[in-house]
Amino acid sequence: MATAIEYFKLLPKTNCKDCGQPTCLAFAMLLANQKAKLEDCPHVSGEAVEAMKESSAPPVNTVKVGTGENAVAMGGENVLYRHERRFENPIAYAVSVSDSWDAPRIAEAVAKAKSLAFDRVGMVFRLDLVSVSNDSGESDEFLAAVDAVLADWDLPIMFEINDVGVAEAALSRHAALKPLVYAGETADVEAFAKLATKHGCPLGIRAKGVEAAADAAEIAAKAGCKDLVLDLGASNLKECLEWQTIARRAAINRKFRPLGHPLMNRVGCGEYAVATAVLSTLKYGSLVVFDGLEPYEALPLFTLRQNIYTDPQVPIQVKQDLYPIGDPGPHSPIMFTTNFSLTYFTVRADIEKSKIPVWLQIVNTEGLSVLTAYSAGKFEPERVAAAFEESGVLDKSDGPVVVPGLVARMSGKLSEEIGRDVVVGTNESKDIPKHLREITS
Amino acid sequence: MAEIPSVAEKYGSKVGEVPVGHGDYVAGGAGGMPFLSFENPSKRRPMIAGEVRDSLVGYPELAAGMFSGREKDPADWAMMWKEIGADMIFLRLTGTDPSVGTTTAEDAVRIVKEIDERTRLPIMVHGCGVQEIDHEILPRICSEVRDTRLIVSCVEEEDYKRLSAAAMAGGHHVLAFSNLDINLAKQMNILLSDFGVEKDNIFMDPLMAPLGMGLDYSYSVNERIRLSALRGDRMLQVPMVCHTGEAWDVADATSDEPGLGDPAHRVAWWEAITAICAMMSGADLLVMRGPSAADMVRVYAEELAGGS
Ligand code: SF4
């Protein structure tokens, strides 16, 4: 985004007030805060408007793959470190199937891709795309493989095609799905760019190293392609980290357009592929395409993505609700804590360790931890009692109601509010199992 | 070919270099963000310390099963870590807490000496967490173990004088703990400096939260600490230590829930990803629990650093 001074330089500085502002500078400040449009000043030149649009465009393009609410957006980033501002669009993960496989094998791979979906505290972590790879080199086989995938996959798809003819056939049939066409390393960048542009689909290309990638991006841009995803062709972790960092810093710090695109990696499967995906998730990748991904790799990787792409300003919160842990019954203990996710996860893990079933009531404290919430007046006995009321937990169990040790002070008041005795729990979450054993034996 | 604008940052400062153990291992020294050879001339990868305990009470069974029985003797366990490729031993003396084990002060000193004699690796010693016991045992170790430079873990804002004094007297290093906050991390280092601990005897532990349990906070706090250090904040220019073993406490890492795949593989990734995030955000020393995670991370770190 441009600053007020940068805008001010473009204005005629006549203070004629036609824009409705007292001075050109006042108008420039509105522009910088995105409260006005440059076109509102009738005296600014058309070229200046164009130049400004160019330079105020986000440094990294946003590229959409697929359509509707399942579309995957990539890129659009403005910062290098997540503490500056929330990263915009989470990295996407894809698994590839080959068009040289028969239909049952493809169906099996798609079923496996679909199984990589995990329900986690109000969120679903899942694989984003299935990629169809044109290993056969033939159009007919490719189209048949795409049909086999689409029979059971309704999220976005991508195509790995190195032959312009096959790509033409595939896009003529499937452009409406807005697949990403990944051409890999190709001498036909221009032809692919024209084809993708004609069909309104995004294009992925690979070129080894930042210089070659910038050249390829320029060729694609000249051919009219705006929705470009770049694979810098890294062959190891070091290249992946360094090249992606150089590309992203050039785009953001130096406004270097040719590298201002989402970045992708085509990896295989197994340890090294996952390690590459981890690095790419941390440092500027927008898409990783695997040959295969196991659940024990997918869950930690998807969790990482969720962690890295949270808003650094807002503590992550869990929903106010009653969370049964184990299989609690009418005499199981009732515990409660704040909705700060770190607190929730910690308490939950420690309850699970005890192997004693518990009703865990989460109270909305706007994402604050126990002590902070209590001193901010957001974790009061009234609020806890209201949450109990809402979930009906007190009718579900006559077991002991445990007050977190850190807020033992609320015991009396809470007991009064709910008309039941309470017991004081531990200060530290890690001591929960011991305490639970004591109060249930 | 296109000319790419230069993006190397000229920070002007670097993290201190601290020799540990018998002086043949050095931690720290980064002059840029991790592994970026175009701005960080240091080719040193983060050190990896393997966790060893004097008692297996409370230690995950799944982890114990990965050390082929050698976890039963601390020195033998430490040797196994050396064989795996660890650069340091992290000794957690949980058994000195009488409600857990029977390790006496003499036992603790003997264990440290044995580990030193057998592995010759640098050692970080951590107490049991009960203040009175740690105040007795760790100073004994500091004064009786003299031919290797230990890292004494850990001192906190409320309780740093006794252990820091003991570490200084014995020529050892201290690890300063702070809780997920750049200002607290800095405050700890100032407190220790004011108390007389030399800056090149301080390591800092800003608390690495594991994957899925607040990792994002730690990742960003670490990055900010490292950037501030490189940009000239002297009080943050000490090597950063991150524990990754807490990954074993995350329910998703080890649960038997169907559809999540083999827990042994999953927890290895859980810890490895936590460790990769730690080193990518500035860690100079990783304290790790699982052998396969440690092995993966060492190999990747070596590759990223561009040499070993
Ligand atoms: S209309 Fe344009 S020239 Fe006139 S005051 Fe507003 S900004 Fe200045």
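The values are calculated or read from the model by the stated rules, or taken from the named source; none is laboratory data. Just so you know, these numbers come straight off a predicted model, no measurement behind them. Neighbour counts are summed over all protein chains in view; Cβ atoms, including those assigned to glycine, are modelled from backbone coordinates with ideal geometry. Accessible surface areas use protein heavy atoms only, side chains included; no ligands, DNA or RNA. Shrake-Rupley method; radii C 1.70, N 1.55, O 1.52, S 1.80 Å.
Checking A:Asp119, A:Asp140, A:Asp99, A:Asp128 one by one, the residue that is open to solvent by 40 Å² or more (accessible area, probe 1.4 Å) and away from chain B (no Cβ under 14 Å) is A:Asp140 and no other. Looking across A:Glu88, A:Glu84, A:Glu50, one residue alone is outside the structural domain of A:Leu282 (by TED's automatic domain parsing), of a type outside the set (Phe, Trp, Tyr) and more than 16 Å from the ligand (Cβ to nearest atom). It is A:Glu50. Given the criteria closer than 19 Å to B:Gly50 by Cβ, surrounded by fewer than 24 Cβ atoms within 10 Å (Cβ to Cβ) and at pLDDT 95 or above, does B:Ala264 qualify? The answer is yes for B:Ala264.
Looking at A:Val44, A:Val65, which one is within 13 Å of the ligand (Cβ to nearest atom), touching a Leu at 6+ places or on another chain (Cβ under 9 Å) and closer than 30 Å to A:Glu218 by Cβ?
The unique qualifying residue is A:Val44.
B:Asn201 meets all of the listed conditions (1) away from chain A (no Cβ under 13 Å); (2) open to solvent by less than 20 Å² (accessible area, probe 1.4 Å) but one, namely (2). Being more than 6 Å from the ligand (Cβ to nearest atom), away from chain B (no Cβ under 14 Å) and buried (at least 18 other Cβ atoms within 10 Å of the Cβ) is a property that does not hold for A:Leu25. A Cβ distance below 8 Å, combined with a sequence gap of six or more or placement on separate chains, defines the contacts here; from the stretch B:81-92, residues that are without any contact (Cβ under 8 Å) to a residue 60 or more places away in the chain and more than 14 Å from B:Asp116 (Cβ to Cβ) reach residues that are of a type in the set (Val, Ile, Thr) and not in a helix (DSSP H, G or I) in the pairs B:Arg92/B:Val52. On the stretch given as the stretch B:50-78, residues that are in a loop (DSSP other than H, G, I, E, B), closer than 18 Å to B:Asp249 by Cα and open to solvent by 50 Å² or more (accessible area, probe 1.4 Å) total 3. For the stretch B:211-240, the set of residues classified as within 8 Å of another protein chain (Cβ to nearest Cβ), touching a residue at least 60 places away in the same chain (Cβ under 8 Å) and assigned to a loop (DSSP other than H, G, I, E, B) consists of B:Leu211 only. Checked against (1) closer than 23 Å to A:Thr67 by Cα; (2) open to solvent by 10 Å² or more (accessible area, probe 1.4 Å); (3) β-branched (Val, Ile, Thr), A:Val189 meets all criteria but (1). Open to solvent by less than 60 Å² (accessible area, probe 1.4 Å) and away from the ligand (no atom under 12 Å from the Cβ): which single residue out of A:Ala73, A:Ala36 fits that description? The conditions single out A:Ala73. Identify, please: which residue in the stretch A:268-279 is open to solvent by 10 Å² or more (accessible area, probe 1.4 Å) and facing chain B (nearest Cβ under 9 Å) and is, among those, farthest from A:Asp119 (Cα to Cα)? Only one residue fits best here, namely A:Tyr272. Among (1) within 14 Å of another protein chain (Cβ to nearest Cβ); (2) under 19 Å from B:Leu236 (Cα atoms); (3) open to solvent by 30 Å² or more (accessible area, probe 1.4 Å), which single condition is B:Lys43 missing? The failed condition is (2). Taken together, A:Val146, A:Val130 contain a single residue that is of a type in the set (A, V, I, L, M) and either more than 23 Å from the chain's Cα centre (by Cα) or on the phi > 0 side of the Ramachandran plot (or both), which is A:Val146. Scanning the stretch A:5-22 for residues that are more than 6 Å from the ligand (Cβ to nearest atom) and among the β-branched types (Val, Ile, Thr) yields one hit, A:Ile5.
Taking (1) within 11 Å of chain B (Cβ to nearest Cβ); (2) of a type outside the set (Val, Ile, Thr); (3) touching a His at 6+ places or on another chain (Cβ under 9 Å) in turn, A:Phe340 satisfies each apart from (3). For the stretch A:4-14, the candidate set comprises residues that are open to solvent by less than 70 Å² (accessible area, probe 1.4 Å) and not small (Gly, Ala, Ser); within that set, the residue that is nearest to A:Ala251 (Cα to Cα) is A:Tyr7. Counting only residues that are surrounded by fewer than 24 Cβ atoms within 10 Å (Cβ to Cβ) and within 11 Å of another protein chain (Cβ to nearest Cβ), how many does the stretch A:280-300 have? Residues that pass the stated criteria total 5.
Taking the stretch B:171-196 as the range and being open to solvent by less than 10 Å² (accessible area, probe 1.4 Å) and touching a Ser or Thr at 6+ places or on another chain (Cβ under 7 Å) as the test, the residues that pass are B:Val174, B:Leu175, B:Ala185, B:Met188, B:Leu192.
Of all the residues in the stretch B:147-170, those that are modelled with pLDDT under 95 and either open to solvent by 50 Å² or more (accessible area, probe 1.4 Å) or assigned to a loop (DSSP other than H, G, I, E, B) (or both) number 4. What do you reckon, is B:Glu271 of a type in the set (Asp, Glu) and open to solvent by 10 Å² or more (accessible area, probe 1.4 Å)? So B:Glu271 does not fit the description; no. The numbered conditions (1) facing chain B (nearest Cβ under 9 Å); (2) open to solvent by less than 10 Å² (accessible area, probe 1.4 Å); (3) in contact (Cβ under 8 Å) with a residue 60 or more places away in the chain are all true for A:Val229 except (1).
If you go through the stretch A:276-295 and pick out every residue that is part of a loop (DSSP other than H, G, I, E, B) and in contact (Cβ under 8 Å) with a residue 60 or more places away in the chain, you end up with 6. Scanning the stretch B:241-280 for residues that are under 28 Å from B:Phe35 (Cα atoms) and at the interface with chain A (Cβ under 7 Å from one of its Cβ atoms) yields a total of 8.
Among the residues making up the stretch B:281-308, a single one is in a loop (DSSP other than H, G, I, E, B), surrounded by fewer than 24 Cβ atoms within 10 Å (Cβ to Cβ) and at the interface with chain A (Cβ under 10 Å from one of its Cβ atoms): B:Gly306.
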